[in-house]
Structure formats: C-alpha cells, structure tokens
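Here's the structure, in structure tokens; my notes come after.
The values are calculated or read from the model by the stated rules, or taken from the named source; none is laboratory data. It should be emphasised that the depicted structure is a prediction, and the values quoted were computed from it without experimental measurement. Don't worry about glycine lacking a Cβ; one is built from the backbone with ideal geometry, like all the others, and counts go over all protein chains shown. These accessible areas exclude ligands, DNA and RNA; they are computed on the full protein's heavy atoms, side chains included. Shrake-Rupley method; radii C 1.70, N 1.55, O 1.52, S 1.80 Å.
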Amino acid sequence: MLDQDSPQPQATAKESPDGAPGLARNQVGVLGIVFFVVAAASPLTVVVALFPVIIGSGNGVGIAGAFVLVAMVLTVFAVGYVAMSKHITNAGAFYAFITRGLGRPVGLGSASLAIFGYNAIQLGVIGGFGYYASEFVTRHTEVVIPWWVFSFLVMGASLFLGIRQIHVGTRVLAVLLTLETGIIALLNVGILFNSPTPISDYSLQPFLPSAVFAGALGVALMFAHASFIGFEGTAIYGEEAKDPKRTVPRATYGSVIFMGAFYSVTAFLIVNAVGVDNAVGLAETEGGNLVFAVSNSVLGSVGTEAFQLLIITALFAAILTFHNNVARYLFSLGRQGVLWSRLGTTHPTRRSPAIACYVQIGMVAVVVAIFAAFGLDPYATLFTWWTGVGAAAIILLQTLASIAIFVFFRRSDVDKRPWNTFIAPLLGIAGLLPFLWYAVTGMDVLLGGGGWLQISFTAMLFASLAVGIIGAYIIKARSPQRYEQLNSTLGDRV
C-alpha cells in the first residue's frame, strides 16, 4: 500500500542542476505523495471545523455542490500544472514554475509568498493542535497543561521525522490519514444506516444550482478551497519521487478527485442526517460541535470520543506535511544561493534537507513563543488568523502559477496540446480569480474580524510577495552572475 518495493532503496545522491548534492531519489511513490497531500488538507479538521462555517455562514445546504465546484476548478488548474511538472522537477514547485513562466523577480516573489503561506498555515495548525490536545488531556485527567507545551512537542516530533528520509514520514502519515479518513467513513456509514432520516427521504438539494449559488457563496467557496490546500504540493516531492513524470501527475489528479468526492459526499450525508430544513439553524447554534452532535446521534458517545482524539492526530499529520513543504522551498532557495547556502545542503547519509528542517521549525517556534508569552488564545488567534492569511496566500500562488503556465507554453514548443497548455490554463485562471477576490476582500471572514487586523494581515500577504520581487532586483544589481543562474538551476532543462 505504501509503494514499499522491499526493501527501501538506499538514498541516491544524485546531483542537482547546479552540481550540489540533491535530495534522496526514488523514495516515494504515488500513494506516498497522496498521503502527504491529503494529510496537509486534514480532512477531519475540514469536516469538524469548516463544515459548520460553510453551512452556517456560507451557502447553507448547498455545501456539497460548493465542494464539487471547487474540485472542478482545481482539476482544471491541475491540467496545466501537471503538464508543467513533466518539464520541470524541482523541490521549489511554484517557485520553479512561476520563474520559468513570469521571470526571476516574480518567481522569487512567489517563493517568499509560498514560504509565508505554508508557514502561516502550519502556525495555525500548531495552535489548533495545542488547543485540542490540551482540552482532551484536561477533560480526561483533570490535569491542566498549557497549550503551548503540546505545540512545542508536536514541532519537535515534526523535526524528528523531517530530517529523516521522506519515506519514514510517509509511513507515519499513512497510519494517521487512514485513521482520520476511516472515522469519517464510519460516520458516513452510520448516517446511512442509523440516522433519523431514512435514505428514501434523502434530498438532492445540496447539489442543486439553486442551493449551491445561494447565500454567501463567496464564503462557501473560500472555505471550500481552503479544504484542498496542499494538493498542489505534489510537485514539491518530484525530486524524491519514483518516476516523477508519471508519479506527480497521478498523485495530483488522485488527490484532488479523492478530496472532492470525499468532502461532497460527507457534506451531503451530514445535511440529510440533520434535515435539509434544519441544517443551517443547527450549524449556527452548534458551531464546531455540529459533527460531534451528528456522531452522537448515529455512532454514540464512543464514536464522538474517537472524533475528538483523532482530530489531534489529524492536525499532527498536517503539521508534518507543511513542515516538509516549507523545508523544501528553503532547500531549493539555499541551493541556488538566494538564501543562506547551508539551507541547500543535505544530510550526509539521509539526503534530507536537514538544515532547512531546523530553520523551518525555528521560524514557527518563535511566533508560537510570542503568542504563548502574551497569553493569546491558541484557537481564536493563532489558528484563526494564520490559517486565514495562509489560505489566501496559496490562492494567490495558484493564480500566479496558472498565469505562468499559460505564458510558459506560449513561449516554448515542448508541448503543443491545446487542452493541456492553452485552454485548461486559461480556464484555471478564470476559475481561480473569483476565489482570490473573495479571499482578499473577505479577509475579515477568514480572520474573524476586520479593522487593523484585516489591514495588517492583508499587508503581510502582499508584502511577502514584494520582498521576493525586491530581493531579485537586489541580487541582479549586486551579483548579475548569480541572477543569471537562477533560471539554469531550476530542474530539468526544457
């Protein structure tokens, strides 16, 4: 199941395009990459934390159709993304693609934006982990342990796994992801056979256009898109994948299709379990306990207890994935000499980006320490604020990548397929622009407040892009030779 071609192959120290030792090759297959991608999205967190928001504050019972709509847009985006991945294999993913299509300044801007976005999401999830873990322990032992203790413990565990060969982390994610998807599947089965609403009375309204395009559609699309964050990370593992030109496309399509089907079916069943006419009102009153209420009804207290435990392990899986994502961006930039060159070195035996892993954990640890020192709430601030701005950053990255992919294939003759290189990228741009608009203008919804908070986080979003762009021009002025090399060390030649 884990692409383990027994025994695990020794790490191959193949050199990167600039002659530096590269990441370990042939370490992970299709399923392994899918585990990393789906774990980043954290399906259980989506079902428990985001479903009530979409139903109560978004498009109501049309939630299932909203997930289908977002999955369709991202599948179209994936067509061009996959086509590009066949010509460029680089741990920088978005950075490499956007540099090829839109030039070095925008490329480096996208790299700093990606580092900011993934770090922001990981910060939020680390806060959520600390909150849920502390609540769980207190509820069962009556011992009060500060949330930040659990947050630092999970950062240490992520670092421990991150500096090892990637297939070690894959095995851990496989177990955790199986548990969290398994409990959701169990809930779905329980609804089918044990909910107050018989199957014969189920309504298809959650999929009807009249319901999907009702209410606050922007809020629904924004949060539904956030539920897929991480699927674009397939290309990040191209250097470490087995046969990346086949593995990355399969993992990309498999991830987005799986998540789209899983979310929409689960949403459809939950809405029907509580009743189409009651869903919005119940979501507003129950909030984050909506799914627990459904679980209590169809699975009993034992099932609900499992949900409350597994959401903690699901958050750990997401933290580990985002740790790996950011570490590989730092590694890619260090390897090119854009950042500290030691970031671009690998562990002498494991071939993992060990220095980048240490730096990544150090970056988020500082922010967590600040929030802990000021006594800020880990859920209302650390989780809400940072996941919100991080989600907006990834939407902006995907939009830039779609534009870059379209431009890249217009300038090269490596692929002339109209659908893959022209039509699909254009449709991807058209589909993602509304999401970007909703994310930026609706930042107050993602942050849970407007005013100075909205201004500050919106400014950070675009400042993270500007820092990389300005940095590119500084490199060009101070070291023209290094600037010229930025294109030649991105991965496969085209």
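In nm², what is the average projected area of the convex hull enclosing the Cα atoms of region 338-431?
Numbers: hull surface 40.3 nm².
Here the figure is 10.1 nm², rounded to one decimal.
Exactly which GluC sites (Glu not before Pro) in region 135-228 are in a DSSP loop and have at most 11 other Cβ atoms within 10 Å?
GLU142
Largest first, the residues LYS476, LYS416 sort by 1.4 Å accessible area into LYS416, LYS476. Sparsely packed loop sites in region 365-398 (the chymotrypsin sites (Phe, Trp or Tyr not before Pro) outside DSSP H, G, I, E and B with at most 13 other Cβ atoms within 10 Å) comprise PHE374. Applied to region 63-69, the Karplus parametrisation 6.51 cos²θ - 1.76 cosθ + 1.60 on θ = phi - 60° returns per-residue 3J(HN,Hα) values of 4, 4, x, 4, 5, 5, 4 Hz, with x for Gly and Pro. Give me the tail of P(r) for region 44-486 as a percent: Cα-Cα pairs with distance above 27 Å. More than 27 Å apart: 53 percent of the Cα pairs in region 44-486. The residues of region 44-486 have, on average, 35 Å² of accessible surface per residue, using a 1.4 Å probe with all protein chains present. Shown is the FRET efficiency for ARG482 and ARG164, computed with R0 = 30 Å from the Cβ-Cβ distance and rounded to the nearest 0.05: 0.40.
Tell me which chymotrypsin sites (Phe, Trp or Tyr not before Pro) from region 322-367 have a DSSP coil assignment and no more than 15 other beta carbons within 10 Å of their own.
TRP340
Modelled spin labels at SER341 and SER456, positioned 7 Å past Cα toward Cβ, are 3.9 nm from each other. Note on region 35-161: along the principal axes its Cα atoms extend 56, 41, 24 Å, ordered by decreasing extent.
The Rg/Rh ratio for region 267-420, using Cα coordinates for both the radius of gyration and the Kirkwood hydrodynamic radius, is 1.10.
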